[in-house]
Amino acid sequence: QVQLVESGGGLVQPGGSLRLSCAASRSIFDINTMAWYRQAPGNERELLATITRGGSTYYVDSVKGRFTISRDNAKNTLYLQMNSLKPEDTAVYYCFAVDALTYWGKGTLVTVSS
């Protein structure tokens, strides 16, 4: 079992940056795949980026070149660096992990608005 807690959300102006963190309750060293998802009002939850234990990453086209996923196994933490934010990035952002089971955090709200 692992609990995931996201932080770092907030209000940011268009073009700004935020870094989200996802703290795990135990070591993530043996968790092969972690990811970030988001869900905007009225929309389904969508995958943004994944990272494997070995550091291989994947991004959906809408965030490629703007968002960077990373993980610090020593700190049991997953990150999402978000740059060049747009109003359409406004959503609740969720951390996800999978080993034998799947785990979700409760989310952190990101609002991009002037």
* List, please: which pairs have Cβ atoms under 6 Å, are six or more places apart or on different chains, and start with a residue in region 72-95 that is closer than 21 Å to Q13 by Cβ and end with one that is open to solvent by 10 Å² or more (accessible area, probe 1.4 Å) and of a type in the set (D, E)? -> none
* Tally of residues being closer than 19 Å to A91 by Cβ, touching a Lys or Arg at 6+ places or on another chain (Cβ under 9 Å) and not polar (S, T, N, Q) across region 23-46 -> 5
* To do: Among the residues of region 33-42, count how many are farther than 15 Å from V98 by Cβ and either at pLDDT below 95 or part of a strand (DSSP E or B) (or both).
  => 4
* For region 1-44, which residues satisfy the criterion of being open to solvent by 40 Å² or more (accessible area, probe 1.4 Å), within 12 Å of the chain's Cα centre (by Cα) and not β-branched (V, I, T)? -> S7, R19, A23, Y37, Q39
* **Scan of region 60-78 for residues that are surrounded by 14 or more Cβ atoms within 10 Å (Cβ to Cβ) and assigned to a strand (DSSP E or B), ordered by number** => F67, T68, I69, S70, R71, T77, L78
* Asked: Does at least one position in region 44-59 carry a residue that is under 24 Å from Q13 (Cβ atoms), in contact (Cβ under 8 Å) with a residue 24 or more places away in the chain and in a strand (DSSP E or B)?
  -> yes
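The values are calculated or read from the model by the stated rules, or taken from the named source; none is laboratory data. Please read these numbers as outputs of a predicted model, since none were measured by experiment. Positions of Cβ are backbone-derived with ideal geometry, glycine not excepted, and every protein chain shown enters the neighbour counts. Accessible surface is based on the protein model in full, side chains and every heavy atom, while ligands, DNA and RNA are left aside. Shrake-Rupley method; radii C 1.70, N 1.55, O 1.52, S 1.80 Å.
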